[in-house]
Amino acid sequence: MYKKILLLVDGSHRSEGLVASAAELALHENAAIVLLRVLERPLPMMGPAGSMLHTPPGWESRMEQEASMYLRTLQVRLEGMGVSTAARIAWGPAPEVVLTLAEKEEVDLVAMTTEPPSCLSRLLGRNLVQRIIAHRAVLVIPPADDDPSLSGIR
């Protein structure tokens, strides 16, 4: 039924709780997992006296390097379980990145965890899950709190 699963991960305990569940589904369906780490640039901020605060030089490349190492750790773990994987890092607003990559990669299912509702998402009336589910098949997996294999992975 599923040939390719897009698995959103962000390094949080909540998202890493998805890994075992998504791997189990992938093995059952003989599907591949595409790991996705979405990076977002910070909003411009004003400093004292109206001066603009900028991100430090090399910040984006450090973020990409950390994301790459993190995804590689997850890939090794999944491949050790027998799951075929690929890893992607993308910059931009998460809903747009997820939907664009899901179409490009021709995924059958997006696997993600729920996010705690923020004041902004309540104000706008939609959160990440709601925005993606309007366009794609989504499996929202509650994270497993008791997965001991997750300790130490960040």
Test: Ala86 is in a strand (DSSP E or B), on the phi < 0 side of the Ramachandran plot and out of contact with any helix residue (DSSP H, G or I) (no Cβ under 6 Å at 6 or more places or on another chain): yes
Flag if Arg14 is of a type in the set (Lys, Arg), in contact (Cβ under 8 Å) with a residue 60 or more places away in the chain and either surrounded by fewer than 19 Cβ atoms within 10 Å (Cβ to Cβ) or touching a Leu at 6+ places or on another chain (Cβ under 9 Å) (or both): yes
Pairs where the first residue, in the stretch 21-35, is farther than 12 Å from Lys3 by Cβ and the second is in a helix (DSSP H, G or I) and hydrophobic (A, V, I, L, M, F, W, C), C-beta under 8 Å, 6+ apart: Ala23/Leu78; Leu35/Leu71; Leu35/Leu74; Leu35/Leu78
Yes/no for Thr73 being modelled with pLDDT of 60 or more, touching a Pro at 6+ places or on another chain (Cβ under 7 Å) and under 17 Å from Val34 (Cβ atoms): no
Members of the stretch 90-106 that are among the charged types (D, E, K, R) and either surrounded by 13 or more Cβ atoms within 10 Å (Cβ to Cβ) or over 19 Å from Tyr2 (Cα atoms) (or both): Glu96, Glu105
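The values are calculated or read from the model by the stated rules, or taken from the named source; none is laboratory data. Please read all numbers here as calculations on a predicted model, not as lab measurements. Positions of Cβ are generated from backbone atoms using ideal geometry, with glycine treated the same way; all protein chains shown enter the neighbour counts.
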